[in-house]
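Data first, discussion second: the structure below is written as structure tokens.
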Amino acid sequence: MNNIVLIDESLCTGCGACVDLCPKKILFLDPTDNVCRVTDETQCDRLRGCEQVCPVDAIKIH
């Protein structure tokens with residue numbers, strides 16, 4: 001379970017802004033449903049750039 005990078009899949013529109021911004025490249029759009037997911041949240045730099053660029057506030061960093 002994700003404890004650092006929380007993605008509200010019901011809000012995610014699959015725009016890819018967070019994926020493009022992520023310097024660690026741990027975010028990706030799942031091709032099965034075009035929703036953002038995280039590969040290895042332990043690599044998150046916690047700078048919250050993904051939160052800031054998400055137009056629907058679907059990502060929260062803890």
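Annotations for the structure displayed:
- Residues that are touching a residue at least 24 places away in the same chain (Cβ under 8 Å) and over 13 Å from Ala17 (Cβ atoms), drawn from segment 34-46: Val35, Arg37, Val38, Glu41, Thr42, Cys44, Arg46
- Checking the stated criteria, Lys25 turns out to be touching a Ser or Thr at 6+ places or on another chain (Cβ under 9 Å) and charged (D, E, K, R).
- Of all the residues in segment 6-62, those that are of a type in the set (Asp, Glu), part of a helix (DSSP H, G or I) and either surrounded by 14 or more Cβ atoms within 10 Å (Cβ to Cβ) or modelled with pLDDT under 95 (or both) number 2.
The values are calculated or read from the model by the stated rules, or taken from the named source; none is laboratory data. Here the structure is a predicted model, which means the values were calculated and not measured. All Cβ positions, even for glycine, are placed from backbone atoms using ideal geometry, and neighbour counts span all protein chains on display.
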